[in-house]
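So the structure is just underneath, and the comments pick up after that.
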Amino acid sequence: MQKVALVVGAGDATGGAIARRFAREGYTACVTRRSADKLQPLVEQIRAAGGQAHGFASDARQEEEVVRLVERIESTLGPIEVLVFNIGANVPCSILDETARKYFKVWEMACLGGFLAGREAARRMVPRGRGTILFTGATASLRGGANFAAFAGAKHALRALAQSMARELGPRGIHVAHVVVDGAIDTAFIRDNFPERYALKDQDGIVNPEHIADSYWMLHCQPRDAWTHELDLRPWMEKF
């Protein structure tokens, strides 16, 4: 069986780039979204480049689905050596208009899903004494901006989860890291909704998903005497 990199939340930008990066290094890329149809272009792209990839429809908020997903991968494809949790759930809204339903949904997507995927991966990794678990954070992981109460609350909680897991699992051989992507990423969403920001692309003013993926690969390859827990990535012109 081959080594597996599981990317939960393999979208068209960051998640897809991470999956491609690990596939180029010989890992079987297992990628998930709620809709399997949306994964097919990524899977085909990886296979066309000579890599191995499998797409799975899975709702990261549903415990039973996450348990089944990890069991299926481990029993039929190979050991999950790397888990990347990359669900964003960035839905801005004024606190005056925010609903309890949407606030809870954002937390489910950005935090509960991370707990479920991280727990299941850890349960497999700990007996082997090795593995990497990487969580994608954001500017909202560090500060709560106006109109981002739900997103910031969920991302703060994901960061706390990553810290707790790192402190518990690091001594057991599992590298847990949290990556703060502090800046606009080169995505269709930024292109369509923030054209002025997207125009900075030619000046390296927005983050290239392929470069994010390079950092994830670097984190996985770090020797255990020099592990990074938190890494922040931002364009050179981004304020912080």
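Identify the single condition in (1) touching a residue at least 24 places away in the same chain (Cβ under 8 Å); (2) surrounded by fewer than 22 Cβ atoms within 10 Å (Cβ to Cβ) that residue 27 does not satisfy, given that it satisfies every other one. The failed condition is (2).
Taking residue 136, is it closer than 21 Å to residue 7 by Cβ and among the hydroxyl-bearing types (Ser, Thr, Tyr)? Spell out how you get there, then give the answer.
Details: closer than 21 Å to residue 7 by Cβ: yes; among the hydroxyl-bearing types (Ser, Thr, Tyr): yes.
Against the criterion (closer than 21 Å to residue 7 by Cβ and among the hydroxyl-bearing types (Ser, Thr, Tyr)), residue 136 qualifies.
All of 160, 177, 146, 140 fail the test of being under 25 Å from residue 100 (Cα atoms) and either hydroxyl-bearing (Ser, Thr, Tyr) or in contact with a Ser or Thr (Cβ under 9 Å, 6 or more places away or on another chain) (or both), apart from 146.
Please work out if residue 188 is among the hydrophobic types (A, V, I, L, M, F, W, C) and exposed (fewer than 13 other Cβ atoms within 10 Å of the Cβ).
Working: among the hydrophobic types (A, V, I, L, M, F, W, C): yes; exposed (fewer than 13 other Cβ atoms within 10 Å of the Cβ): yes.
In short, yes.
Only residues that are within 16 Å of residue 73 (Cα to Cα), touching a residue at least 24 places away in the same chain (Cβ under 8 Å) and among the aliphatic types (A, V, I, L, M) were counted across segment 30-58, and they come to 3.
Here is a yes/no grid of residues against (1) over 17 Å from the mean Cα position of the chain (by Cα); (2) modelled with pLDDT under 95; (3) among the β-branched types (Val, Ile, Thr); (4) assigned to a helix (DSSP H, G or I):
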| site | (1), (2), (3), (4) |
| --- | --- |
| 12 | no, yes, no, no |
| 17 | no, no, no, yes |
| 21 | no, no, no, yes |
| 42 | no, no, no, yes |
| 56 | no, no, no, no |
| 83 | no, no, no, no |
| 103 | yes, no, no, yes |
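If the condition is being outside any helix (DSSP H, G or I), out of contact with any Gly (no Cβ under 9 Å at 6 or more places or on another chain) and exposed (fewer than 15 other Cβ atoms within 10 Å of the Cβ), then segment 117-169 contributes 143, 145, 146.
For segment 64-94, give me the residue count where each residue is of a type in the set (Asp, Glu), exposed (fewer than 14 other Cβ atoms within 10 Å of the Cβ) and under 30 Å from residue 140 (Cα atoms).
So the count comes out to 1.
Filtering 130, 119 for residues that are under 24 Å from residue 2 (Cβ atoms), free of Cβ contacts under 8 Å to residues at least 12 places away in the same chain and out of contact with any Lys or Arg (no Cβ under 7 Å at 6 or more places or on another chain) leaves a single hit, 119.
Across segment 187-229, what is the total count of residues that are touching a residue at least 24 places away in the same chain (Cβ under 8 Å) and within 23 Å of residue 5 (Cα to Cα)?
From segment 187-229, those touching a residue at least 24 places away in the same chain (Cβ under 8 Å) are 187-188, 200, 203-207, 209-210, 212-217, 219-220, 222, 224, 227-229; that's our starting set.
Now drop any that are not within 23 Å of residue 5 (Cα to Cα), which leaves 187, 207, 209-210, 212-217, 219-220, 222, 224, 227-229.
So the count comes out to 17.
Quick check, is residue 63 more than 13 Å from the chain's Cα centre (by Cα), under 21 Å from residue 122 (Cα atoms) and modelled with pLDDT of 95 or more? So residue 63 fits the description; yes. Does segment 185-194 include one or more residues that are farther than 24 Å from residue 141 by Cα and touching a Lys or Arg at 6+ places or on another chain (Cβ under 8 Å)? No, segment 185-194 contains no residue that is farther than 24 Å from residue 141 by Cα and touching a Lys or Arg at 6+ places or on another chain (Cβ under 8 Å).
Could you list all residues from segment 23-40 that are touching a strand residue (DSSP E or B) at 6+ places or on another chain (Cβ under 9 Å) and outside any loop (DSSP other than H, G, I, E, B)? If you could, list the steps in order and put the result at the bottom.
Taking segment 23-40 as the starting set, the residues that turn out to be touching a strand residue (DSSP E or B) at 6+ places or on another chain (Cβ under 9 Å) are 23, 25-40.
Of everything in segment 23-40, those that are touching a strand residue (DSSP E or B) at 6+ places or on another chain (Cβ under 9 Å) and outside any loop (DSSP other than H, G, I, E, B) turn out to be 23, 28, 29, 30, 31, 32, 33, 36, 37, 38, 39, 40.
The values are calculated or read from the model by the stated rules, or taken from the named source; none is laboratory data. Just so it is clear, the structure is predicted and the values come from calculations on it, not from any experiment. Reconstructed Cβ throughout: ideal geometry from the backbone, glycine too, with neighbour counts over all protein chains shown.
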